[in-house]
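J.: My questions will all concern the structure given below.
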Amino acid sequence: MTLMAGRPLEGVRVIAVEQYGAGPHSTMQLADLGAEVIKVENANDGGDVGRHVRHANEQLPKGDSLFFQSFNRGKRSTSLNLKSDEGRALFHELVKKSDVVWNNLRGSQPAKMGLTYDDLKGVKPDIICTHISAYG
């Protein structure tokens, strides 16, 4: 990890497996501070549920809710199915080139999806794994 002059997190790459509120809001702040945030969604299940949260008067095209756009500004996005062998292999390639894996999935989901440090230390020993959740 090399920090460059400018915003304090420039040069840091974060892979974000997140949805709805706390995760996207937190990594939005990391992006605002200069981190490169790559949001991972699974298009097979509709992606981030925040894509579908709409205000009654919202005129944006389907799939681009204002809620989603607001919490995901400054991020790049990719679609991977982390339950498939191919999706996990591509995810591991991203991890090799990243500094942090961030998730806000509930309960045992991070372990089931291979997002814990124990799962990823063989891919990149110095990866930082962060998990936030209201549901233990």
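The values are calculated or read from the model by the stated rules, or taken from the named source; none is laboratory data. Source: prediction; values computed, not measured. Neighbour counts are summed over all protein chains in view; Cβ atoms, including those assigned to glycine, are modelled from backbone coordinates with ideal geometry. Heads up: the accessible areas ignore ligands, DNA and RNA and are worked out on the full protein's heavy atoms, side chains in. Shrake-Rupley method; radii C 1.70, N 1.55, O 1.52, S 1.80 Å.
J.: Once phi is turned into ³J(HN,Hα) by the Karplus curve 6.51 cos²θ - 1.76 cosθ + 1.60 with θ = phi - 60°, what whole-Hz value does each residue of the stretch 104-118 show in order, with x for glycine and proline?
T.: 10, 6, 7, x, 8, 4, x, 5, 4, 9, x, 9, 8, 4, 4
J.: Oh, and also: Ignoring ligands, DNA and RNA, what accessible area per residue does the chain give at 1.4 Å, in Å²?
T.: Accessible area per residue: 57 Å².
J.: Can you give me the % of accessible surface on the chain that is carbon or sulfur? Probe 1.4 Å, all protein chains present, nothing else counted.
T.: Solvent-exposed carbon and sulfur of the chain make up 55 percent of the total.
J.: Another question, then. Report the number of Lys pairs in the chain whose alpha-carbons are under 14 Å apart, with separation of 8 or more residues or on distinct chains.
T.: Pairs that pass both the separation and distance tests number 6.
J.: Let me ask something else. Amide H neighbours of THR130 under 5 Å, at least 5 residues apart or on other chains, H built in the peptide plane: list them.
T.: Counting only residues 5 or more places away or on other chains, the set is VAL101, TRP102, ASN103.
J.: Another question, if that's okay. Counting only other residues whose beta carbon sits under 14 Å from that of GLY11, what net charge do I get with K and R as +1, D and E as -1?
T.: Neighbourhood net charge equals 0.
J.: May I pose another question? Taking a ≥ b ≥ c as the square roots of the eigenvalues of the Cα gyration tensor of the chain, is the shape rounded (a/c under 1.5), prolate (a/b larger than b/c) or oblate?
T.: Here the chain falls in the oblate category.
J.: Give a residue-ordered list of calculated ³J(HN,Hα) values for the stretch 72-85 (Karplus: 6.51 cos²θ - 1.76 cosθ + 1.60, θ = phi - 60°; whole Hz; x for Gly, Pro).
T.: Values, residue by residue: 10, 5, x, 10, 9, 9, 9, 10, 9, 9, 6, 8, 9, 4 Hz.
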